[in-house]
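Engineer: Pasting a structure below so you can have a look.
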Amino acid sequence: KKKEEKKLGPPPGSGELMGLGDDYKLYHWVKEGLFWEKIKGKICCITQLAFWDNRLLGIGRYDHRLYQFVQTGLGAGVWKQANDLALEWLGAITGWEGNLMGANLSSIFKWTGEGKKPFKRRSSSRPAWTHAGFKTVKDLAEFDGKLYAVDQCSRLAVLLNGKLDNYDSLQGIWKQIGPGNERLRSITSWNGDPSGNNPQLLSIANDKQLY
């Protein structure tokens with residue numbers, strides 16, 4: 001008998017709200033039942049998430065490398081290293097204006113390599129992660145076309161008039177926004193409903209609650 005092809009559907013993260021638990025495993029939000037459901041498979045251990053170029057990406061908890069979620073079945077999958085950059089060290093990632101942006105302890109970078117499987121350098125003479133500017137951030141997210149960050153004070157900040165110049169350097173002014181007493185851990189954008197008509201910027205605060 002021929003094996004039936006598994007219909008995997010769209011990759012996790014495309015249109016649904018994803019999250020990471022205290023166990024550093026991957027969950028998705030089930031609206032109908034109002035609960036978080038764990039994704040099956042080898043899904044540990046990731047500290048950050050981003051959806052870019054129709055791919056769900058994460059950062060490894062122990063090595064701070066870039067990982068890609070690969071589906072192995074309906075609602076199941078594994079994390080696999082996305083590239084061969086042994087010296088890579090990331091603390092945050094996000095998509096922004098079609099680009100993959102990453103950050104380490106002191107700077108923000110733009111991915112300039114190829115987005116194939118696995119990700120590769122375009123040229124041996126150019127780094128795959130290009131330095132885009134100095135900024136200490138705990139997390140990054142794109143919302144309404146703008147680049148947002150959780151800064152070193154755990155405050156929400158936005159890059160006003162933000163853009164990348166011809167040298168892939170970030171241009172614009174970072175401004176803290178919000179009430180001033182927020183203490184955030186991470187942020188993400190979410191369409192809010194299947195039609196995408198209710199976009200929202202969500203955050204996890206130090207109390208581990210979703211806002």
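Engineer: For the stretch 128-195, which trypsin sites (Lys or Arg not before Pro) are both in a DSSP coil and crowded by at most 12 other Cβ atoms within 10 Å?
Structural biologist: Filter output for the stretch 128-195: Arg183.
Engineer: Let me ask something additional. Among the listed pairs Lys110/Lys135; Lys110/Lys146; Lys31/Lys146; Lys40/Lys146, give every one whose C-alpha distance is greater than 25 Å.
Structural biologist: Lys31/Lys146; Lys40/Lys146
Engineer: Grab the other residues whose beta carbon is less than 13 angstrom from that of Ser154, score K and R as +1, D and E as -1, and report the net.
Structural biologist: Charge balance near Ser154 sits at 0.
Engineer: Shifting gears a bit: Beyond a 32 Å Cα-Cα separation, which of these cross-linked pairs lie in this structure: Lys38/Lys163; Lys175/Lys208; Lys42/Lys163?
Structural biologist: Flagged as over cut-off: Lys38/Lys163; Lys42/Lys163.
Read the figures in this text as sums done on the coordinates, not as results from a lab. As the structure is a prediction and not an experimental result, all values here were calculated from the model. With ideal geometry, Cβ positions are generated from the backbone for all residues, glycine too; neighbour counts draw on all protein chains shown.
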